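J.: I'd like to ask some things about the structure below.
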């Protein structure tokens with residue numbers, strides 16, 4: 001969990017991990033070196049209450065991707081899961097996902113997720129992904145929410161995020177070149193929309209998606225363009241007046 005100036009939402013995010021019915025977890029909570037609010041104090045207070053919460057601070061640089069990669073390097077568990085400091089897991093998320101991966105033997109899994117605005121009000125749209133995702137599926141639509149992903153560490157020992165907008169999309173594509181992702185379609189997490197998030201600028205997000213298709217995946221124009229148009233039309237459908245635009 002990377003955390004930058006997250007004092008308004010961090011406690012709720014950490015509480016959602018503490019509430020998990022699966023007890024055998026560790027939370028690597030990376031406080032960004034540039035945080036200027038109470039994020040560090042909140043992280044430290046949780047560590048004194050539960051030794052499974054492990055704050056990391058004083059790193060040489062900041063940034064969501066750098067911080068997340070630092071946590072991955074320090075993680076000791078057999079599975080990796082990802083949660084931002086303003087999102088939530090529902091109580092059975094880890095238990096059901098670990099059991100699912102052990103039973104099926106899959107190396108990358110995901111779940112459905114609900115959405116809320118900045119104030120915590122639930123929004124009507126729920127993302128219900130298919131039961132299976134391939135590389136080609138993901139090119140057409142990124143239905144693998146980062147807050148729902150779980151990766152088998154032994155299968156991908158060198159996993160890391162790229163320093164790029166949509167870094168999770170890049171990682172899932174790389175992993176799906178080697179495997180097929182399987183999912184629980186049940187809603188087991190909640191994503192919080194914020195007007196000033198890293199992906200909130202739609203023009204930058206679109207340019208980043210195009211660069212991924214053309215330069216990271218090296219798709220020819222005839223294949224990249226249809227994928228990009230599906231992404232663009234999907235993004236336009238999601239843009240409608242809503243509480244999404246409330247500022248933090």
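J.: Can you report the number of residues in the stretch 5-38 which are assigned to a loop (DSSP other than H, G, I, E, B), in contact with a helix residue (DSSP H, G or I) (Cβ under 7 Å, 6 or more places away or on another chain) and surrounded by fewer than 23 Cβ atoms within 10 Å (Cβ to Cβ)?
T.: Residues in the stretch 5-38 being assigned to a loop (DSSP other than H, G, I, E, B), in contact with a helix residue (DSSP H, G or I) (Cβ under 7 Å, 6 or more places away or on another chain) and surrounded by fewer than 23 Cβ atoms within 10 Å (Cβ to Cβ): 7 in total.
J.: Moving on. Considering the stretch 151-162 alone, what residues qualify as being crowded, with 17+ Cβ neighbours inside 10 Å and over 15 Å from residue 69 (Cα atoms)?
T.: Within the stretch 151-162, just 152 meets the criteria.
J.: Kindly evaluate residue 80 against the criterion of being touching a helix residue (DSSP H, G or I) at 6+ places or on another chain (Cβ under 7 Å), in contact (Cβ under 8 Å) with a residue 24 or more places away in the chain, outside any loop (DSSP other than H, G, I, E, B) and within 26 Å of residue 129 (Cα to Cα).
T.: Criteria met by residue 80.
J.: Which condition from (1) out of contact with any helix residue (DSSP H, G or I) (no Cβ under 9 Å at 6 or more places or on another chain); (2) closer than 22 Å to residue 11 by Cα; (3) without any contact (Cβ under 8 Å) to a residue 60 or more places away in the chain is the one that residue 42 breaks?
T.: (1)
J.: Restricting to the stretch 221-248, name every residue that is loosely packed, with under 15 Cβ neighbours inside 10 Å, assigned to a helix (DSSP H, G or I) and modelled with pLDDT under 55.
T.: Listed by number, the residues that qualify are 243, 245.
J.: Ok, one more. Being over 16 Å from the mean Cα position of the chain (by Cα), surrounded by fewer than 19 Cβ atoms within 10 Å (Cβ to Cβ), modelled with pLDDT of 95 or more and closer than 26 Å to residue 75 by Cβ narrows it down to one residue among 187, 134, 179; which is it?
T.: 179
J.: Sort through 165, 138, 123, 133 and tell me the only one that's closer than 23 Å to residue 65 by Cβ and in contact with a strand residue (DSSP E or B) (Cβ under 7 Å, 6 or more places away or on another chain).
T.: 133
J.: Another question, if that's okay. Could you grab me the full set of residues in the stretch 87-106 that are surrounded by fewer than 21 Cβ atoms within 10 Å (Cβ to Cβ) and in contact (Cβ under 8 Å) with a residue 12 or more places away in the chain?
T.: Across the stretch 87-106, the qualifying residues are 90, 91, 92, 95, 96, 98, 100, 101, 104, 106.
The values are calculated or read from the model by the stated rules, or taken from the named source; none is laboratory data. As the structure is a prediction and not an experimental result, all values here were calculated from the model. In this analysis, Cβ positions are derived from the backbone assuming ideal geometry, glycine residues included, and neighbour counts consider all displayed protein chains.
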